[in-house]
Amino acid sequence: MCGIVGYCGNRKAAPVLIAGLKKLEYRGYDSAGIATLYKGGYRLVKKKGRVEGLGDGKDVKGNVGIGHTRWATHGAPSTRNAHPHVFGQVAIVHNGIIENAAELKKECLARGEKFASETDSEVIAHLINRFYRGDLAAALRACTQRLTGSYAIAVLAAGSPDTIACARQKSPLVVAKNRAGELLLASDIPAVAEEGLQVCTLQDGEIALLQNGEITVFDSTMRRINRDFFVCDAQISAPAKNGYEHFMYKEITEIPFAMRNSMPDFTQNQDFSVFYKVLCQAKYIEIVACGTAYHSGLCAAYAFEKICRIPCRVSLASEYRYRDPIVPEGALVLAISQSGETADTLAAAQLAKERGACLAALTNVGHSSITTLADFVILTGAGQEVAVAATKSFNAQLATLYAMVQALAAHQGTKVECRDLPALAALSLKASERVRSWTPYFTGAKSVFFLGRGADCFVASEGSLKLKEISYIPSEGYAAGELKHGTLALVDKETAVVAVITQQSVAQKTMNAVHEAYARGAKVFLVTAFPEYGKREEIVDHVVIPTCEEAFSPALSVIPLQVLAYSVCLACGYDPDKPRNLAKSVTVE
Ligand code: F6R
């Protein structure tokens, strides 16, 4: 999704802004731009396409500036729709969606103002310019009072040298000061991270002013407030491929480590003692999440119900918030989000909390927005995930959730074991190399079905999502028993099928669906913990993954599907790290 950077110091701003935007490239975008202030005017460089198109910035004068990578929501990807937007005295960059932009634009047009783009964001520049009388923070505040929707905004004004003002509402924004006394801002810490950087995560409604080496934060009534700064971890500043061709595959290889790093002992670890008590007393668990995190929620719910016999429902966060949900007494809500910034998940979590739930956030990013909302924060230890397609974060989420299941089971007097999963994941990873030889069947397929039952069904959905998002091949993850109720009509000899079979009690039932697909000419591949099924005539080839506690098998069976998606993507000639139309963190509704 869109990214923002800002710089206010003694160096040339443009190279710093461009370097920051490059660090945000992995998040997905379609155009980029920067604006610097110089002698009461602007230096503006913006282009459709990659950040490289902006050059290195060395010839762009000015020590204060803002930059942006845009992921189009309103208005097609184009140079004129790229940010910054300049109007009158003012230049702005904006992440989010202004829901009342049409109405505000009408008002500006009636005042005789002209618009240069089709974006919702441009009205922000018009409004700030209207309210600006030399006090940039006050003008920004006057503007935000008129906006509905979500925003992170950074603004420059020609009449306010050496100053950037910024504001946040439901879209992440941090302000920071480095050891050299330079001031920075960004939508994501990695854009500006460096050793010793002091960072403050702005909260909704807050405005910050970066000026003369100082950061001043105001609340929504423009009262100065003291905010805590934390020192950022320099490691997040420079994600490296370490010899791998792509981040996605590097991150798949990191799965065993990511899992090992994400399995606290909830029964013993003092940091989680209060949470563990709440977990043991919970009468009901509700999980809210999106995309891959939603799939990890489905897998966890299956294990919670099967092993701990506690009712557990999983909701797509984007649906939950509009369902007028019932939050029963004693409900524990788990919000799962790799980034901690997904707008739908944040809104669902907020709603659950307002309705009385105890809220625990499971996220991979410390200091992300969800951490400020939750009663309990549980960090997964996957390390920074750069590739847009989530892989190791999924396994890390499962590792944490299964550790929770194990702890709750222990409280109930039942023994289950998940601590062997990281080592078994390493074996699964090794076995997964075999799926690369399946690739030609998938690049040539008209459509692909992933089938499974029980926990395997959720892995099928995740395998399908991975394939779709990076190889663009139409695909569905399907409950194997449901195929015959309609979807079988789509299966023919141009269909490829991957069946996942790790649950003994339904193994033969999934094989029935495999046979139905095979009988219609589909090429069927198998990921299984039971080698005997691989030898059946219906199966073109199979991968055997290690056996483990059955309810925990998704953490192992998903790995061949991640490798398959990666391999098919490469064979199709696409970049797995930057799939079209997608962004790493989805900060708009
Ligand atoms: C798929 C993918 C997305 C995310 C979803 C939620 O590979 O990455 O489906 O899982 O956008 O993101 P987080 O977990 O950051 O809330």
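Of everything in the range 358-374, what is modelled with pLDDT of 95 or more and farther than 29 Å from residue 256 by Cα? Give them in sequence order. The one that is modelled with pLDDT of 95 or more and farther than 29 Å from residue 256 by Cα: 358. For the range 350-367, which positions are over 13 Å from the mean Cα position of the chain (by Cα), assigned to a loop (DSSP other than H, G, I, E, B) and at negative phi? Across the range 350-367, the qualifying residues are 355, 357, 366.
Quick one: is residue 387 crowded, with 24+ Cβ neighbours inside 10 Å, within 15 Å of the ligand (Cβ to nearest atom), under 21 Å from the mean Cα position of the chain (by Cα) and at pLDDT below 95?
yes
With respect to the conditions (1) more than 21 Å from the chain's Cα centre (by Cα); (2) of a type in the set (Gly, Ala, Ser); (3) within 16 Å of the ligand (Cβ to nearest atom), residue 573 falls short on a single one, namely (3). Counting only strands (runs of 3 or more DSSP E) that sit completely within the range 1-80, those holding 2 or more residues that are closer than 20 Å to residue 180 by Cα and in contact (Cβ under 8 Å) with a residue 24 or more places away in the chain correspond to 3-8, 64-70. In the set 214, 245, 286, only one residue is closer than 26 Å to residue 457 by Cα and either out of contact with any Gly (no Cβ under 7 Å at 6 or more places or on another chain) or within 16 Å of the ligand (Cβ to nearest atom) (or both); that residue is 286. Taking each residue of the range 217-245 that is at pLDDT 85 or above and looking for partners that are among the aromatic types (Phe, Trp, Tyr) with beta-carbon atoms closer than 7 Å, six or more apart or interchain, yields 224/218; 225/218; 241/247. Considering each residue of the range 417-432 in turn, at least one proves to be away from the ligand (no atom under 16 Å from the Cβ), part of a helix (DSSP H, G or I), without any contact (Cβ under 8 Å) to a residue 24 or more places away in the chain and surrounded by fewer than 24 Cβ atoms within 10 Å (Cβ to Cβ). Among the residues of the range 305-349, the ones that are of a type in the set (A, V, I, L, M, F, W, C) and in a loop (DSSP other than H, G, I, E, B) come to 3 in all.
Among the residues of the range 451-467, is there at least one that is surrounded by fewer than 23 Cβ atoms within 10 Å (Cβ to Cβ), out of contact with any His (no Cβ under 9 Å at 6 or more places or on another chain) and either closer than 29 Å to residue 581 by Cα or without any contact (Cβ under 8 Å) to a residue 40 or more places away in the chain (or both)? Taking every residue of the range 451-467 in turn, none turns out to be surrounded by fewer than 23 Cβ atoms within 10 Å (Cβ to Cβ), out of contact with any His (no Cβ under 9 Å at 6 or more places or on another chain) and either closer than 29 Å to residue 581 by Cα or without any contact (Cβ under 8 Å) to a residue 40 or more places away in the chain (or both).
Yes/no matrix, rows are residues, columns are (1) in contact with a helix residue (DSSP H, G or I) (Cβ under 8 Å, 6 or more places away or on another chain); (2) within 14 Å of the ligand (Cβ to nearest atom); (3) of a type in the set (Lys, Arg); (4) modelled with pLDDT of 95 or more:
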site: 312; (1), (2), (3), (4): yes, no, no, yes
site: 322; (1), (2), (3), (4): no, no, no, no
site: 342; (1), (2), (3), (4): yes, yes, no, no
site: 351; (1), (2), (3), (4): yes, no, no, yes
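Restricting the range 337-369 to residues that are within 19 Å of residue 274 (Cα to Cα) and of a type in the set (A, V, I, L, M, F, W, C) leaves a set whose member that is surrounded by the most Cβ atoms within 10 Å (Cβ to Cβ) is 362. Just the residues that are closer than 22 Å to residue 443 by Cβ and in contact with a Leu (Cβ under 7 Å, 6 or more places away or on another chain), please, taken from the range 478-497. Residues satisfying the conditions are 478, 497.
The values are calculated or read from the model by the stated rules, or taken from the named source; none is laboratory data. Everything numeric in this text was worked out from a predicted model, so none of it was measured. Every residue, glycine as well, gets a Cβ built from its backbone with ideal geometry; the counts of neighbours run over all protein chains shown.
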